[in-house]
Every structure is written in structure tokens, then in C-alpha cells.
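J.: Here's a structure for you.
Nothing in this text is a laboratory measurement; each read-out follows from the coordinates by a stated rule. Because the structure is a prediction, the values reported are computed rather than measured. All Cβ positions, even for glycine, are placed from backbone atoms using ideal geometry, and neighbour counts span all protein chains on display.
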Amino acid sequence: MKNHLYSLYQMVLKSLTFYLGVDQERKKAGRPPKVSDLQLCALFILSYITNTPVFTLAKSLIDPNIKSYHLFRKTRTQRVYRLLKEYRNRRVLSILFAKLLLGEKVKLIVDGTILEVANLNRARTQRIKRFSGKAFWGKKKRNLYSEHYKEKVRFEEMYYGVLVMVVCDSEGVVYDLWFHPASYHEVRSLRIRYRKSKWLRFLVDSFGLMGDRGYRGCEYVEVCESKEQKGIRQVVEGVNSQIKLFNRVSRWRKGITLLAYLYGYAIGYSFFRKSQIWG
């Protein structure tokens, strides 16, 4: 099992080196780091594929004496996040160009899901070091069928966490993702991202977006009305469900670390499918 895991790690690392190049590793004076930036990128991607924390993978595959501060310094995580983002963009652009050359239509879907940072009791003690502030408290109202009343009843759920937004295509390839506090509405989050991100503006202006009824009135999104459109939109639900499962394993602590884990997840889900790797 460990030999297979190591070969999988080498495969991911080789793909990163091919798309990013070996020149990404800046040589500095002094002792070289125990884990290079590209190796750490590979560990973030492998974390999703294997459902194993990055720290555990580093001790198993690289050096059993590695400490957490070798991996998760803020400046280092920022570099890793930028490398993962660049790798994702380059692979996605190659897919887009290939589809456009073949004359295929690209249908992009947008949706959001809430990741809980901590359970409500712990969040109320105000000892949460990951995030703080009222913005990360959110409410979600849903109509659920009650066996007792034999009808749909309005339920209101409280969350403490973040709203993760995903843009993917009909094949589940993630083209963009970001997060905002849990209290943000999905339309508001999308508008903020559109205003600040050149990449999302390129995707929206070139291919458009599809979404559910919650995006009605949003100028960037076409609301799914037909059964065919609703069937295509279901792909993003699978993406969101895997994010929630992966969040239980990742053990992230800071916002930039969450972004690195999210991009590692997006790359793993898009280009290293578990069904193909594990058989």
C-alpha cells in the first residue's frame, strides 16, 4: 500500500513539475528546506485523493521527523496556494482550448455550500482561532417534510463557518472556487468575486454561468428551467458533497491554509479522479 502511495505521490509531483517547471523552486542561501514548495503542493493534492492530512503524508512519504512548522508557515502556504492556483489555471486553459478546437460547447455551473468551522457550542465559547466575528455566523432556511405533521415544515439552521463557491463544467472539472463568510448570500459572493477576479470575468463573459433558482435576478447567471439544464446542474452537487467530506479530514487552521486545501481538492477532483486511480 505504501509503495502504491509513493508512486501516486511521484505521479502528482511529475505533473506539477511538467506544468509549472523546475524554475519555481527559488534557491536561497543556507540549508535547503525539508520539503520543497512543489512537494508540498503534491501533498495537498494527495491529501484529497487519499483522505489523509498533509502532515501525516509528509511524515510517511518524505521524513518521519518533519514538524508542522516545516509545512504551514504563512508565507510558505501563500506560495503553495499561488502555485496550486497557477497549475489549475494552466490545466483548465489547456482543456478549454482543446474543447474550443473540437467545437464543443462549454457549460459552466455555479453553486455554493457552507463548510462548518466548528460546532455551535464550541463557536459560542469565543475560543475559535480560525475565524471570528458575526459575519461567519449564517442561517439557512429549508422546507423539510415532517412525518409528524405530514407536510413540509420550515426549518432554520445556524452555522458557524464559510460559504464556499464553486464554478465547474458539466464533467465536474472545477474552473474556479473561493470562499466568503457564511452569512453572505451566494449572489452577493458571486458579484464580489466577479468584480475582483479577472479570471472569473473571463469565464462568465466567454461561456456564461448556469445556476439554480437562488440566482434569479443575478445578471451573470442563467437560471435552470428545463429538465435538461437541471440535469446538467446536478454535477456541481457532487462537487459540493466531496468538499464537505474532505473538510472533515483536512484540519485546516487559517484562511490561506483553507484556500490551499480547497485548490488541492479542486485539482484532485478535476484531474486525478479516485475511481481512475484506485480502480
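J.: Just how many % of Cα pairs in the stretch 102-257 lie over 18 Å apart, if you round to the nearest whole percent?
T.: So the pairs more than 18 Å apart make up 64 percent of the total in the stretch 102-257.
J.: Give me the distance in nm between label points sitting 7 Å out from Cα along the Cα-to-Cβ direction at ARG142 and ARG213, one decimal.
T.: Result for the modelled spin labels: 1.6 nm.
J.: So for the pair SER132, LYS274, with labels modelled 7 Å out along Cα→Cβ, what separation do we get in nm?
T.: Those two pseudo-labels are separated by 3.6 nm.
J.: Relative contact order for the chain: what percent, with Cα pairs under 8 Å and sequence separation of 6 or more? Intermediate results must be reported in sequence, preceding the final value.
T.: Details: 374 pairs, mean separation 63.4, N = 279.
Reported as a whole number, the value is 23 percent.
J.: Follow-up question, since we're still on this one. Which of ASP37, ASP176, ASP205 moves most in a GNM of the chain, Cα contacts under 10 Å?
T.: Of ASP37, ASP176, ASP205, the most mobile in the Gaussian network model is ASP205.
J.: Run the quick spin-label model on ASP63 and ASN51: label points 7 Å from Cα toward the beta carbon, then report their separation in nm to one decimal.
T.: Placing both labels 7 Å beyond Cα along the Cβ direction yields 3.1 nm.
J.: Please give the helix 2-20 orientation as an angle from the longest Cα principal axis of the chain, in degrees from 0 to 90, rounded to the nearest 10.
T.: 80
J.: Ok, one more. May I ask you to derive the FRET efficiency for TYR149 and GLU228 from their Cβ-Cβ distance with R0 = 51 Å, giving the value to the nearest 0.05?
T.: Here the calculated transfer efficiency is 0.90.
J.: Now for a separate question. Compute the acute angle (0 to 90°) between the alpha-carbon long axis of helix 227-250 and the principal axis of greatest extent of the alpha-carbon atoms of the chain; round to the nearest 10°.
T.: Taking Cα atoms only, the helix is inclined about 50 degrees.
J.: Which FRET efficiency, nearest 0.05, do MET158 and SER94 yield, Cβ-Cβ r, R0 41 Å? Mind showing how you got there, number by number?
T.: On the way: r = 43 Å, r/R0 = 1.04.
According to the calculation, E is roughly 0.45.
J.: Using a Gaussian network model of the chain with C-alpha springs under 10 Å, which one of GLU116, GLU222, GLU151 is most mobile by mean-square fluctuation?
T.: GLU151
J.: Could you tell me which label, among (1) 14.6; (2) 20.1; (3) 18.5, carries the value of mean projected area of the Cα convex hull in nm² calculated for this structure?
T.: (3)
J.: What list do you get for CYS168, CYS41 if you sort them by fewest beta carbons within 10 Å?
T.: CYS168, CYS41
J.: Pull out the extension gain between ARG73 and ARG248, defined as 0.36 nm times the separation in residues minus the alpha carbon to alpha carbon distance; nm, one decimal. Could you put the intermediate results ahead of the total?
T.: On the way: separation 175, 0.36 × 175 = 63.00 nm, distance 2.15 nm.
The ARG73-ARG248 span can extend by a further 60.9 nm.
J.: For the chain, set up a GNM with springs between Cα atoms under 10 Å and report which of LEU144, LEU93, LEU258 has the largest fluctuation.
T.: Result for the chain, Cα springs under 10 Å: LEU144 fluctuates most.
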